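The values are calculated or read from the model by the stated rules, or taken from the named source; none is laboratory data. Quantities reported herein were computed from a predicted structural model and do not represent experimental measurements. A quick note on method: Cβ atoms are made from the backbone with ideal geometry, for glycine too, and the neighbour counts reach across all protein chains shown.
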Amino acid sequence: MKALHKTLQAATFVAAFFAYPALAELQLGAAAMAQYDSNVLTDDDVTLQTTAATGTKLSAFAGYGGRLPDSIPGNLQWQGRYDVSKSSWQNVSGYDSLLQSGYLRLSRKGRFSPEVSLLMADAQVEGQDFLELKRVSPAIGYLWSSDWYARAQLDLSQKTFAQYPERDSDQLRARLMLYWLMDKTRRYLSVQAGIKREDARDPLYSYQAFTGRLRWKDTFGPVRWDIGMKTELRQYDEIRESLGEERQDQRYRFSTGVEWPIAAGFSFVAEAGHDIYRSNLDVADYSQNRLEAGIEWEY
């Protein structure tokens, strides 16, 4: 399975990179970030002791995309992209990670814009295989005026955990997004609502959820700024013996970010966030502050 996944991931990227080169453009990027997390679980599984942690995150991407030849009807566009990121933490163990992903998307440009995308990703933690993800996402968008845009998306995902096979799962997620475009994409307000259903190999990890998101994005001269909130309300299927009831989670994530162009494709980027996780399962009941800041380059 691992070899097949790697092959499919590479094929997605290569196909996007070399198809129709005369009608496509190359995109490259890299970033070096410092990161901080105020509440990281240590190796002490008995007391659930946590500590603050600092680290670094290095990432890069390469993408290729453009329109299909005029001989193919439909005004279709395509895009392929490969991302890789490596996170290292200085004063805690068990969290150093390597994430790779590749996607290929086919879409139609116009007021009515259907699309479909294929995503494949894998994550390693401390040098060991941790998670493989495969996802197919059909979507449809409609721009009914210069001020309003709506989008509906369906995500069909399959997760495979290398060390926790009982958590292998199939996930179905449906989302509806509405955008109020006050100055095209320079200033807008977006609202998102959705439902999610995950069926795991062990029913103890199966759940259904309601998701929501609110985001404001603005531009002040060359500086781009955004602020947002995400929420997820989970209801698990199985009764946990330690709880005497089903696990229930309420998750809230608040964040704000800024991107300040410097020169020659370089920008200063930063994001701060506060997460509130409420659960009747002790290990999942906590709050934390997050911070990332660094330099990003895009071509």
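Can you tell me which residue is farthest from Leu133 (Cα to Cα) among those in the range 190-216 that are part of a strand (DSSP E or B) and of a type in the set (Phe, Trp, Tyr)?
Trp216
Can you give me the number of residues within the range 56-107 that are within 20 Å of Met33 (Cα to Cα), part of a loop (DSSP other than H, G, I, E, B) and among the small types (Gly, Ala, Ser)?
2
Restricting to the range 276-287, name every residue that is in contact with a Ser or Thr (Cβ under 6 Å, 6 or more places away or on another chain) and at pLDDT 95 or above.
Listed by number, the list holds a single entry, Ile276.
Among the residues in the range 12-23, are any within 30 Å of Ala272 (Cβ to Cβ), under 22 Å from the mean Cα position of the chain (by Cα) and at pLDDT below 95?
No - not one qualifying residue is present in the range 12-23.
Any residue that is within 21 Å of the chain's Cα centre (by Cα) and more than 30 Å from Pro222 (Cβ to Cβ) - is there at least one of those in the range 181-194?
yes
Restricting to the range 202-250, name every residue that is aromatic (Phe, Trp, Tyr) and modelled with pLDDT of 95 or more.
Within the range 202-250, Tyr205, Tyr207, Phe210, Trp216, Trp225, Tyr236 meet the criteria.
Select the strands (runs of 3 or more DSSP E) contained entirely in the range 122-189, then report the ones holding at least 2 residues which are within 30 Å of Val92 (Cα to Cα).
128-143, 148-161
Which members of the range 172-215 meet the condition of being aromatic (Phe, Trp, Tyr) and more than 20 Å from Tyr142 (Cα to Cα)?
Once the filter is applied, which keeps residues that are aromatic (Phe, Trp, Tyr) and more than 20 Å from Tyr142 (Cα to Cα), the range 172-215 yields Tyr205, Tyr207, Phe210.
Could you list, in sequence order, the residues of the range 212-249 that are under 30 Å from Trp180 (Cα atoms) and among the hydrophobic types (A, V, I, L, M, F, W, C)?
Leu214, Trp216, Phe220, Val223, Trp225, Ile227, Met229, Leu233
Take the range 83-141 and flag every residue that is small (Gly, Ala, Ser), within 28 Å of Thr51 (Cβ to Cβ) and touching a strand residue (DSSP E or B) at 6+ places or on another chain (Cβ under 9 Å).
Ser85, Ser87, Ser88, Gly94, Ser97, Ala123, Gly127
So in the range 248-264, with the set limited to residues that are surrounded by fewer than 17 Cβ atoms within 10 Å (Cβ to Cβ) and in contact with a Leu (Cβ under 9 Å, 6 or more places away or on another chain), which one is farthest from Asp237 (Cα to Cα)?
Residue satisfying both the conditions and the ranking: Gln250.
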